[in-house]
Amino acid sequence: MNFQISPLSPALGAQISGIDLSQELNHEQRDAIEQALLEHQVLFFRNQPLTPRQQARFAAGFGDLHIHPIYPSVPEQPEVLILDTAVTDVRDNAIWHTDVTFLPTPALGAVLSAKHLPEYGGDTLWASGIAAYEALSLPLKTLLEGLTATHDFTRSFPLARFGTTPEDIARWEQTRRQYPPISHPVIRTHPVSGRKSLFVNDGFTSRINELSETESAAILSFLFSHVTRPEFTIRWRWQADDVAFWDNRVTQHYAVDDYRPQRRVMHRATILGDMPV
């Protein structure tokens, strides 16, 4: 291939250079990026000034795109949602989370493009569920194998913050009816690589179903803390027109909310995945 892959940490992360994402990828380029994603879990591309149409086209090369039920989107490209701190309450991103795990088939991945950045601050961190799982002791892996956990849309999107107008309340109620709490395995097997990963996140996971409420709270508290240990994470300092592409099946991320009253605008295209097993 005519582009370069530079790993950024042992757990996850690589920077890709020598490719223009605004151009349509050929099969070889697309397959090489997918292979890099499987290996490194989150990929970063500098200096990629994408239009919403170009961003959606790149993301759609890896699967069907999701239209978010709550966040606003680009009018002419509804598959590209807008995370604009001047318009929308995005505090739910300032928590370790895996995107839309309240869906029956959570996202395969997402493509995030930096449109307007604060002068400083506003970094994003990613954590590897694979590295976190592999670091667990065998007895704890055995305990977690076969357990399921509930993922709840309202945990990150409470009505108190996303129901400020009658239209917002109607949209929130419709989303809650459409996506009631759903169960996914605590340990997920990647459908392509076959590697196992922790698949619980503080953003949407409310309890482990097979345990008592007290046991569930204790185990989830440990797992939420464990997966975000520094050795399992990477921190990206954004530059204008950066693009990140991550494997949502085996990672979590955290958008640091440390830049206000400065403004931050990001565009995200989310790729639908399959049912976790």
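The values are calculated or read from the model by the stated rules, or taken from the named source; none is laboratory data. Since the model is a prediction, treat every value here as computed from it, not as a measurement. FYI the Cβ positions are ideal-geometry reconstructions off the backbone, even for glycines, and counts take in every protein chain you see. Quick note on the areas: whole protein, heavy atoms, side chains included, nothing else; ligands and nucleic acids left out. Shrake-Rupley method; radii C 1.70, N 1.55, O 1.52, S 1.80 Å.
The residue list Ile82, Ile5, Ile19 contains one member that is in a strand (DSSP E or B), over 19 Å from the mean Cα position of the chain (by Cα) and aliphatic (A, V, I, L, M), which is Ile5. Identify, please: which residue in segment 22-41 is of a type in the set (S, T, N, Q) and assigned to a helix (DSSP H, G or I) and is, among those, nearest to Ala11 (Cα to Cα)? Result: Gln35.
Evaluated against (1) more than 15 Å from the chain's Cα centre (by Cα); (2) in contact (Cβ under 8 Å) with a residue 24 or more places away in the chain, Val256 falls short on exactly one condition, (1). Counting only residues that are of a type in the set (Lys, Arg) and either open to solvent by less than 40 Å² (accessible area, probe 1.4 Å) or in a strand (DSSP E or B) (or both), segment 86-124 holds 1 of them.
Taking segment 165-190 as the range and being open to solvent by 40 Å² or more (accessible area, probe 1.4 Å), under 25 Å from Tyr254 (Cβ atoms) and part of a loop (DSSP other than H, G, I, E, B) as the test, the residues that pass are Tyr179, Pro181. Give the residue that is surrounded by the most Cβ atoms within 10 Å (Cβ to Cβ), with candidates limited to residues of segment 206-225 that are within 21 Å of Arg91 (Cβ to Cβ) and touching a strand residue (DSSP E or B) at 6+ places or on another chain (Cβ under 9 Å). Applying the filter and picking the extreme gives Leu220.
Checking each residue in segment 42-79 for being of a type in the set (Asp, Glu) and in a loop (DSSP other than H, G, I, E, B) picks out Asp64, Glu76.
Pairs linking a residue in segment 46-66 that is closer than 18 Å to Glu76 by Cα to a residue that is open to solvent by less than 20 Å² (accessible area, probe 1.4 Å) and of a type in the set (Asp, Glu), with Cβ atoms under 9 Å and 6 or more positions apart or on different chains, are His66/Asp99.
Every residue, every condition in (1) of a type in the set (D, E, K, R); (2) modelled with pLDDT of 95 or more, yes or no:
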site	(1), (2)
Leu136	no, yes
Leu144	no, yes
Phe162	no, no
Glu173	yes, no
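For segment 139-164, the candidate set comprises residues that are more than 22 Å from Ser212 (Cα to Cα) and of a type in the set (A, V, I, L, M, F, W, C); within that set, the residue that is most open to solvent (accessible area, probe 1.4 Å) is Ala160.
Residues that are open to solvent by 60 Å² or more (accessible area, probe 1.4 Å) and either part of a loop (DSSP other than H, G, I, E, B) or touching a residue at least 12 places away in the same chain (Cβ under 8 Å) (or both): does segment 193-205 have at least one? Yes: one or more hits.
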